[in-house]
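Below is one structure; the comments refer to it alone.
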Amino acid sequence: MSTTGTGKGAADAAADEAGEATETAEARGSAGAAADSGAESGSESAADSGSERAAAAQLSTAPGEEKLNVPSLGPLGWLRWFWRQLTSMRVALILLFLLSLGAIPGSIIPQTPVDALKVEQFRADHTTLAPLYDKLQLFDVYTSVWFSAIYILLFVSLIGCIVPRTWQFVGQLRARPPRAPRRLDRMPVYTTWRTAAEPEETLAAARSLLRRRRFRTHRDGSGGGAVASEKGYLREVGNLLFHIALIVLLLAFASGQLFKSEGRKLIVQGDGFSNVLTQYDDFQSGSLFSADMLDPFAFRLKAFHATYEESGPNKGTPRDYRADIAFAKGADGTERDETIKVNHPLKVGSSKIYLIANGYAPVVTVKDGKGNIAYRGPVPFLQQDNNQTSSGVVKVTDYLDAKGRKDQLGFQGFFVPDFQPSSGTMFSQSPSLKNPAMFLTAYHGNLGVDGGPAQNVYQLDTDNMTKFKDKDGGPFAEKLVPGSTMKLPNGAGSLTFDGVKKWANFQVSHQVGNGWALGGALTAIAGLAGSLFIQRRRVWVRAYAAEDGRTVVEMAALGRSESARLPDELASLATDMQAAAPVAAESSAADAASEGAPSTDPASADAASADAPADGAAAPDPADPAEAPEGAGK
C-alpha cells in the first residue's frame, strides 16, 4: 500500500507540473499573438508598448544592458599580476631571446671598452649613424641601460621561478609515493600472474627488489596489500640545477663586468714593467674596480723569438712566438725565468698575462746642431702588414739647432725588416730580420707635446712643423741601414741608425668569476641532460589471496612522461619478481597467455589515461572511503 501510494503521489505531482507547463506555454502563445495583432493594426498606445517590452524582457534569455560590476585590481593586484607574468616560463624565454638579440650589436659594432680607436674611426666614417648609435648606447652595449634592464629582469624572473619550484620539490621528496590505484589493469603497462607464494612474502620480495633498483617504496594496505614505489626524482633535480646554473652564470658575468680590468703594455727587449696603473699604455676597468685589486708583480722582457715558414704556399706564416721574461711576484720577490706564448698566458693570482703582438724597434741616436746627443734609444714601429712592414715616428723634444736656439725635431717613416731593391717596392718581402732598412722624412718645429690635447706617441702631428728641404728644394728624406747616418741640412744635427731590437705587446687581464662561470656552464649541461634523459615513473605491486588459495600478483607502471622503455623495465621487474613468486603450474591457458608479459594495448593505455589523474596518482573511488584523497594528494 505504501509503495502504491507513493507511486500515485509521484504521478499526481508529474501531472501538476505538466499542467503548469501547458499553462505557461499557452500564456506565452497568447502574449505572442497579442503582440503580432498589435503590430499589424499599428494602433497600440504607449502603455501597451511598455508592457510588451516588459513581457519580452521577462521571456528573453539575453543579458541585460546593465554594466557588469567588475572589481578593480588595485595597486597590490596589479603588482601580483606583474609578478606572475615576470616569473612565468614564457616571459623568461622572451627575456632570454631579447638578451641574445641585444648581444648582436655588441659583436658587430665596435665597442669602446674593447677598441676605442676603432670606435673613433667608425664615427669619422659614418657621420650619420654615429650620433644615432651614441643615443642608443650601441658603442657600449653591455653596460647600456636597456641591456642592463633585460639582464636584471631575466635574473629576477629566474629566481622567482626557481624558489617556489624548489619548495614544491622538497615537499615531493618528503611525501610518500602515491598508493596503488584500485584497478591496476587500467594502467598503461600492466602484468599479472598467480603464484603459490604467500601475499606477505611476495610483497616483501617486491619491496626488496624495488629498493635494489633504487625506487622509493612504501607499503600500503589498499586492496589486500600493495607496494607503491617511485623513481626518477633526479629529472626535477636536473631541471632545477639547470635554472640555478643559469643564475650562477648571470652572476659570474655581472661580477666579471663590474670588477674586471684590462690593460696593455708595449715592452721593448730589455725593458721591464710593474703592475701599477701608471705603467700601462691604456687601461679599462669595471665600475667597481679599484687599484688595490691589482696583483703585485713585475717582469722584464729578456728576449723575443719568432719563427716563420720559409718556403711553400705558407711562406711568411708565423710558426711560433715566444717571449722569455724574468718574472718576480710581489714587491720583494725573487726573479725567475718564465715563457709566455700565444694562447698560453702566465697566470698570477686572478690576473693573466697574454702575448698579443710583436714587432721591431729601430735603435737610433739623434744629435743636435752642437753635436750633443739629444736622444738615444729604441723606437717601436707598429706593424702594417703580415711581413712586418712598420710605421713609426721619432720625437726629439730637447734639441738645439746650429745657432743654439731651442727647437724640436720629428722623424716620420717606415721600417722594413727584409728590404729587397729588386722587388721594385719599399714593402718588406718577409717578416724575418734579413735586410733591415728605414725610410725617414725629417721635420722641425712644435711637436705639440708641451700642452694641448693628448697625442698618440706613434703618430706625428705636423700641423705646426716644417719639413727640412734638400738641395733641390724637395722634402728631406733618406733610406737608412744599420750603421748609416742621416745628416740634417745646414748643420742642424744628425740621426744614426744603430741597430734593431724587438718589442712585444702584453695584455694583463684581471677577471673574477671565471671559475664560477665555467662551473655554472658545466652544471647547466649536466642538469639539462638529466632533465631530458631521466624519466620519472611509478610502479605498483599488489598481492592478494584468490578463492582457489593461490596468490594473485599484479604489477603496473605509469610514466610521468612518454617513454618507450617503461614496458621493458616492468618486464624486467616481473621476471626478477618471479624468482621469489614463481608462476603457479596449475594456471589456466588464459592466464598462461598473459603471464609475465606487460600489457601495452592502446585501448588499455587510453582507458588508463582517462581514469588516472594528471600527476599519475590513483583515481579515488567515491564509493570506497579507503580511496580518500590521501594517495591523490601525494
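The values are calculated or read from the model by the stated rules, or taken from the named source; none is laboratory data. Given the structure is predicted, the values throughout are model-derived calculations rather than measurements. Backbone-built Cβ (ideal geometry, glycine too); neighbour counts: all protein chains shown. Only protein heavy atoms, including side chains, enter the accessible area calculation; ligands, DNA and RNA are left aside. Shrake-Rupley method; radii C 1.70, N 1.55, O 1.52, S 1.80 Å.
Here are the numbers for this structure:
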quantity: Full-extension gain in nm, residue 572 to residue 81, via 0.36 nm per residue minus C-alpha separation; calculated: 171.9 nm
quantity: Under 5 Å, built H, 5+ apart or other chain: amide partners of residue 484; calculated: 497
quantity: Furthest towards positive pole of dipole, 103, 196, 146, structure part the range 81-200, Cβ charges; calculated: 196
quantity: Amide H partners (placed H, <5 Å) of residue 535, local residues excluded; calculated: none
quantity: Rg/Rh (Cα only; Kirkwood hydrodynamic radius) as it applies to the range 255-393; calculated: 1.03
quantity: Per DSSP, loop chymotrypsin sites (Phe, Trp or Tyr not before Pro) in the range 131-164 with at most 12 further Cβ within 10 Å; calculated: none
quantity: Size of charge dipole - the range 256-300 - debye, nearest 20, with Cβ of Lys, Arg +1 and Asp, Glu -1, no other charges; calculated: 60
quantity: Calculated FRET value between residue 170 and residue 320, using beta carbons and R₀ = 51 Å, to 0.05; calculated: 0.35
quantity: Residues residue 97 and residue 459, FRET efficiency given R0 of 60 Å [Cβ-Cβ distance, rounded to 0.05]; calculated: 0.85
quantity: Members of 434/467; 395/487; 370/487; 434/487; 395/501; 467/502 lying beyond 20 Å, as alpha-carbon distances in this model show; calculated: 434/467; 434/487; 467/502
quantity: Portion, in percent, of the accessible area of the range 267-327 that falls on carbon or sulfur, probe 1.4 Å; calculated: 47
quantity: Peptides 378-389, 560-571 ordered by average Cβ neighbours within 10 Å, highest first; calculated: 378-389, 560-571
quantity: Derived scalar couplings ³J(HN,Hα) [the range 283-288; Karplus, 6.51 cos²θ - 1.76 cosθ + 1.60; whole Hz; x for Gly, Pro]; calculated: 8, 10, 8, x, 5, 9
quantity: Probe 1.4 Å, accessible area per residue of the range 449-531, Å²; calculated: 56
quantity: DSSP-assigned coil residues among trypsin sites (Lys or Arg not before Pro) in the range 339-430, each with at most 16 further Cβ atoms within 10 Å; calculated: 370, 403, 405
quantity: Dipole of the range 359-420, positive end: most advanced residue of 417, 371, 382 [Cβ charges, Cα centre]; calculated: 371
